Amino acid sequence: MNVGDERSVSYWMEMAPVIDAPALEQDETCDVVVIGSGIAGLSTAYELSRFGRSVIVIDRGGIGNGMTARTTAHLATELDDFYSELIRVRGEDEARLYYDSQVAAVNRIEAICRDEGIDADFARVDGFLFPAEEDHKKDLEEEYQACRAIGVDVEWAERAPVPGLDTGMALRFPNQGRFHPTKYLAGLARAIEKNGGRLYANTVHVSDKEVDGGVEITTERGPVIRAKVAVFATNSPTNDKVAIHTKQLPDRTYVVAGRVPKGSVPDALVWDTLEAYHYIRIQPLSGTEDLLIVGGEDHRSGEEPEIEKRLTDLEDWTRNRYPSFTRADYRWSGQVLEPIDFMPFSGRNPGSTNIYVHTGDSGQGITNGVAGSLTIAPLILGEDSRWAPVLDPSRKSATSTTSVGEFVRGQAGAVKNLAEHLGGGEISSVDELQPGQGALMRKGLHKIAVYKDEAGVVTQRSAACTHMGCIVHWNGFEKCWDCPCHGSQFAPDGEVLNGPAVKPLAEVEE
Ligand code: FES
């Protein structure tokens, strides 16, 4: 199981080409084992397979059916946290290199689609950033100056292409892109297999060990993969207890998508300047309609009981600015890991010799995932990687007031969460639960995660996350348990859907 088994189904999941892959049943050896089959994992495996490395990719669920299938697949080179902020924390030289990595990522996707014959609806489109509020105009001016300082391709536009709103002056970023993420992943999977790579679905990494000249990855059903190198690309890293998890925080983000008359919404990427910003694109459909896809309403994972209201707000926001949007045909959510200094972590895992990691994608999972592959693959091949110094997972975190503020709030949330072990429950009896509902209940010294299924059958598990013990919270929209500390997600019965946890919630006596 992985996050593909949560309740909502994205448009990309519904339309995903089937990627057949067996579960691993026997020990295997290879040059590189990649854990995680999203955009970062498959892109890394693809790059290495092209150079003759024998690769194995494993995923705890279906191949290509994890968090990448829950994105909106904006291919943007503009930084969602703004280059003005990045320059403040890392300086112009590093910001320039980061921008360079994003341009390279979009170019690489375009080239792979062409070279491998992948029809993933890739298109170059303009991106527009518009001010959500009057006093955000000065932020736009500051961002324009920052972009100009480091060579970002940007210009002023009279307005952003939002049909129901005069946005006022907006920033226009030419040559961004969009594509269909699950079609792309299916194409990558085919290309990896053509190059001799092996893919294993429903194969769960439970432990890893560096041995002389390599790595051993033990999987849940017993088989061991022996490789020279391992790459972890699992949204939130499953190989790490502390080092990276203290430098990023998990957020849930929401998406609504509805059919609109073809041409009623321009084919462009659009964002606004709210802290939990809105992000908009279309996916062309055959026939007379397009799919309008709008994301936003982010919050810290596991800390929002009113998810339905957030989705309703997102639909209302969309209707008010896109009059051709009438109703949401799709609603889904995903998780993004927000790094403290705005850039992802791609490279050698802190303290490891033969283990690499990619995480911390912020709201740019596709471009950061591909940039990660273009960083990690050369390192494994023994070549220079242009972006390795700036994306190094061991880099010392420089911080701005903004990022520190958010981070202190986030870490304070983790401390508050640990204190929850002592507090009361949300319910005092399972009888208070409706079918299909979960809640926390106190039982003696322990907090219990209780779920009642549609047939009335009750499951009780320890509410202590098996990563580092934070209390999980019920997510009524996705019907899962979310951990606010580092992003683990668990099925109603306690099975792991997303790391860093690798063990299910512990059983308790009922
Ligand atoms: Fe780290 Fe839950 S994800 S404690």
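In order along region 341-348, the Karplus-derived 3J(HN,Hα) couplings, from 6.51 cos²θ - 1.76 cosθ + 1.60 at θ = phi - 60°, round to 10, 6, 10, x, 10, 9, x, 5 Hz, and Gly and Pro are given as x. Derived scalar couplings between HN and Hα for region 481-487 equal 9, 9, 9, x, 7, 9, x Hz in order, rounded to whole Hz, by the Karplus curve 6.51 cos²θ - 1.76 cosθ + 1.60 (θ = phi - 60°), x for Gly and Pro. Solvent-accessible surface of region 49-208, averaged per residue with a 1.4 angstrom probe and all protein chains in place: 37 square angstrom. Of the GluC sites (Glu not before Pro) found in region 7-111, those in coil by DSSP whose Cβ has at most 12 other Cβ atoms within 10 Å are E25.
Across the accessible surface of region 463-510, with the other protein chains kept in place and a 1.4 Å probe, carbon and sulfur atoms take up 49 percent. All Cα-Cα distances of region 57-172, cut into 10 Å bins from zero to the largest, leave 12, 33, 33, 18, 4 percent in each bin in turn. Please list, in order, the residues from region 262-288 whose amide nitrogen is less than 14 Å from a point placed 7 Å along the Cα→Cβ vector of A123. Of the residues in region 262-288, 262-270, 281-288 have backbone N under 14 Å from the label point off A123. Between amide H atoms placed 1.01 Å from N, distances below 5 Å from G476 occur with no residue 5 or more places distant or on a separate chain.
What are the equivalent ellipsoid semi-axes of the chain, built from the alpha-carbon gyration tensor (square roots of five times its eigenvalues), in whole angstrom, biggest first?
Working through the eigenvalues yields semi-axes of 32, 29, 23 Å.
For region 226-307, the Kirkwood radius over C-alpha pairs fed into Stokes-Einstein at 4 °C and 1.567 mPa s yields D = 81 µm² per second. Lacking any other cysteine beta-carbon closer than 4.7 Å, the following Cys residues of the chain have no compatible partner: C30, C113, C147, C480. Around the amide H of N498, modelled in the peptide plane, lie the amide H atoms of Q489, all under 5 Å away and 5 or more residues distant in sequence or on another chain. Surface analysis of region 241-286 yields an accessible area of 31 Å² per residue, using protein heavy atoms and a 1.4 Å probe. Rounded to the nearest 20 debye, the dipole size of region 307-359 about its Cα centre is 100 debye, using +1 on the Cβ of Lys and Arg and -1 on the Cβ of Asp and Glu. Of the GluC sites (Glu not before Pro) in region 259-336, the ones in a loop by DSSP (not H, G, I, E or B) with at most 13 other beta carbons within 10 Å are E275, E306. Positive-end ranking of T273, P305, L285 along the dipole of region 261-308, with charges on Cβ about the Cα centre, is headed by L285.
Which helices of the chain meet both criteria: a Cα extent of 18 Å or more along the helical axis and a mean Kyte-Doolittle score no lower than 1.0, with helices taken as whole DSSP H segments?
365-381
The 3J(HN,Hα) values that the Karplus relation (6.51, -1.76, 1.60; θ = phi - 60°) gives for region 330-338 are, in residue order, 9, 9, 8, 9, x, 10, 10, 9, 8 Hz. Gly and Pro appear as x. Remark: region 76-232 carries a charge dipole of roughly 980 debye about the Cα centre, counting +1 on each Lys and Arg Cβ and -1 on each Asp and Glu Cβ.
Of all DSSP-defined beta bridges confined to the chain, some 75% are antiparallel rather than parallel. Taking amide H as placed 1.01 Å from N in the peptide plane, F128 has its amide H under 5 Å from the amide H of F173, L269, V270, W271, each at least 5 places away in sequence or on another chain. Once the mean of 1/r is taken over each pair of separate Cα atoms and inverted, region 64-123 shows a Kirkwood hydrodynamic radius of 13.3 Å. Quick check: the distance between the Cα centres of region 440-473 and region 173-211, to the nearest angstrom? Going from one Cα centre to the other spans 33 Å.
What does the helix-only formula give at 222 nm for the chain: each DSSP H stretch with n ≥ 4 adding -39500 (n - 2.57), the total divided by the residues, and the result rounded to the nearest 500 deg cm²/dmol?
It lands at -8500 deg cm²/dmol.
If R0 is 51 Å, the Cβ-Cβ spacing of R386 and L165 corresponds to a FRET efficiency of close to 0.80. What range in the chain is the longest one free of trypsin sites (Lys or Arg not before Pro) that are in a loop by DSSP and have at most 12 other Cβ atoms within 10 angstrom? So the longest stretch without any such site is 1-220.
The values are calculated or read from the model by the stated rules, or taken from the named source; none is laboratory data. Please read all numbers here as calculations on a predicted model, not as lab measurements. In this analysis, Cβ positions are derived from the backbone assuming ideal geometry, glycine residues included, and neighbour counts consider all displayed protein chains. Areas reflect the complete protein model, heavy atoms only, side chains present, ligands, DNA and RNA absent. Shrake-Rupley method; radii C 1.70, N 1.55, O 1.52, S 1.80 Å.
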